[in-house]
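First up is the structure itself, then whatever we jot down about it.
The values are calculated or read from the model by the stated rules, or taken from the named source; none is laboratory data. For clarity, every value in this text was computed on a predicted model and none was experimentally measured. Here the Cβ positions follow ideal geometry from the backbone for every residue, glycine too, while neighbour counts run over all protein chains shown. All accessible areas refer to the heavy atoms of the entire protein, side chains included, with ligands and DNA or RNA removed. Shrake-Rupley method; radii C 1.70, N 1.55, O 1.52, S 1.80 Å.
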Amino acid sequence: MLAATLGVPAISTGEMLRAAVARKSVLGERVEAVMAAGKLVCDDLMAEVVRARLAEDDARGGFILDGYPRTLPQAEMLASILDGVALDAVLLVEAPEDVLLARALGRGRADDTEEIARARQRVYQEETAPLVAYYDSRGCVLRVDGSTSIESVKTAIHRLLGVTAG
Ligand code: AMP
C-alpha cells in the first residue's frame, strides 16, 4: 500500500526468493532447503540478489525494501550498494510474538508451520534485532505499533513518513 502511494517498487526479498524456488532457478534450488527450515539465506547470495534488483530502472526514483537487511553484514552491504545514498527511513513494525505467530499461521504458506515460525522468531532475535541499535545510532528508525489493524498501521506509517495521500 505504501509503495502504491509513493509510486516506488516494494522489493520483498522473501517474495523474490519464493518466486525463484517456484520457477526452479539455480538461485531457487540453492535457497529452498534453507527457507523451508526458517533459516536465513547467506549474506553473499542476498547481496547479489539485492544488488541486481536495485540496479533495475524502476528503483531509480526510490524503493521500499521489505525483509532486507536482516543481519548486520547485510546492513553494511546495503550501505555499500547504495554508495553514499542514505536511507530515508527504517520502519520498525512491532507486535507481540504471540500475535505474530497467529498471523504467520493464518497465512497458510508451506513454510508457515508453528515450528518454523518459532525458528524464524529465534533467528530474528539473534540476527535481526541488533539492526535496531545499528539504525538507531544513525537516527533513522521510525517505530510503529503493528499489533493493530492493517488500516491503522498504514495510517500510522503514512503519518510518520509525512505522506498525505491514501
Ligand atoms: P520473508 O517473506 O521476508 O519472511 O522471507 C522468507 C524467507 O526467505 C526467510 O525466512 C529466509 O529464509 C529468506 N530470506 C528473505 N529475506 C532474507 C534476507 N534478507 N536474508 C536472508 N534470508 C532471507
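State, to one decimal in nm², a quarter of the convex hull surface area for the C-alpha atoms of region 69-166, i.e. the direction-averaged projected area.
7.6
Can you pull the percent of the chain's accessible area that's carbon plus sulfur, 1.4 Å probe, other chains left in place? Could you put the intermediate results ahead of the total?
Values: 5400 of 10000 Å².
Here carbon and sulfur together make up 54 percent of the probe-accessible area.
When you take every Cα atom in region 1-71, what is the radius of gyration, and what is Dmax, the widest Cα pair distance, in Å?
12.7, 35
Give me the one-decimal Kirkwood hydrodynamic radius in Å for the chain, with the sum taken over alpha-carbon pairs.
Details: mean 1/r = 0.0585 Å⁻¹.
One over the average 1/r among Cα pairs gives 17.1 Å for the chain.
If I ignore ligands, DNA and RNA and count only protein heavy atoms, how much of Asp98 is accessible to a 1.4 Å probe, in Å² to the nearest 10?
That residue has around 110 Å² of solvent-accessible surface.
Post the alpha-carbon centroid distance, region 85-163 to region 1-78, in whole angstrom.
Taking the Cα centre of each part, region 85-163 and region 1-78 sit 16 Å apart.
Please give, to one decimal in nm, the separation of the simple spin-label points placed at Tyr134 and Val99, each 7 Å out from Cα toward the Cβ.
So the label points at Tyr134 and Val99 sit 2.5 nm apart.
Fully extended, how many nm does the chain gain between Leu87 and Ser149 (0.36 nm per residue separation, minus their Cα-Cα distance)?
Using 0.36 nm per residue and subtracting the Cα-Cα distance, I get 19.7 nm.
Take every Cα pair under 8 Å in region 1-84 that's 6+ residues apart, average their separations, divide by the length, and report that relative contact order as a whole percent.
Result for region 1-84 is 38 percent.
As a test question: what accessible area, to the nearest 10 Å², does Ile64 have when a 1.4 Å probe is rolled over all protein chains in place?
That residue has around 40 Å² of solvent-accessible surface.
Tell me the mean residue ellipticity at 222 nm calculated for the chain from its helices only (DSSP H runs of n ≥ 4, each -39500 (n - 2.57), averaged over every residue, nearest 500).
Taking each H run of at least 4 residues, the total per residue is -15500 deg cm²/dmol.
Tell me, what is the 1.4 Å probe accessible area of Thr155, in Å² to the nearest 10?
Rounded to the nearest 10, the figure is 60 Å².
Rank Gly162, Ala3, Gly62 by how far each Cα sits towards the positive end of the charge dipole of the chain (+1 on Lys, Arg Cβ; -1 on Asp, Glu Cβ) and give me just the farthest.
My answer, from the dipole projection, is Ala3.
Could you put Cys42, Cys140 in order of accessible surface area, largest first, with the 1.4 Å probe and the full protein assembly present?
Correct descending sequence by accessible area is Cys42, Cys140.
At 1.4 Å probe size, put Arg120, Arg107, Arg53 in order of accessible surface, largest to smallest.
Arg107, Arg120, Arg53
Hey, can you find the accessible area per residue of the chain for me, probe 1.4 Å, expressed in square angstrom?
For the chain, the per-residue accessible area is 60 Å².
To the nearest 0.05, what FRET efficiency results for Val163 and Val34 with a Förster distance of 35 Å applied to their C-beta separation?
Values: r = 35 Å, r/R0 = 1.00.
Between Val163 and Val34 the formula returns 0.50.
Could you tell me the largest-minus-smallest coordinate of the C-alpha atoms of region 118-166 on each of the three principal axes, in descending order and whole angstroms?
Sorted from largest, the Cα extents of region 118-166 read 36, 28, 12 Å.
Run the simple label-point estimate for Ala79 and Glu48 please: 7 Å along Cα→C-beta, distance reported in nm.
With each label point 7 Å from Cα toward Cβ, the separation is 2.5 nm.
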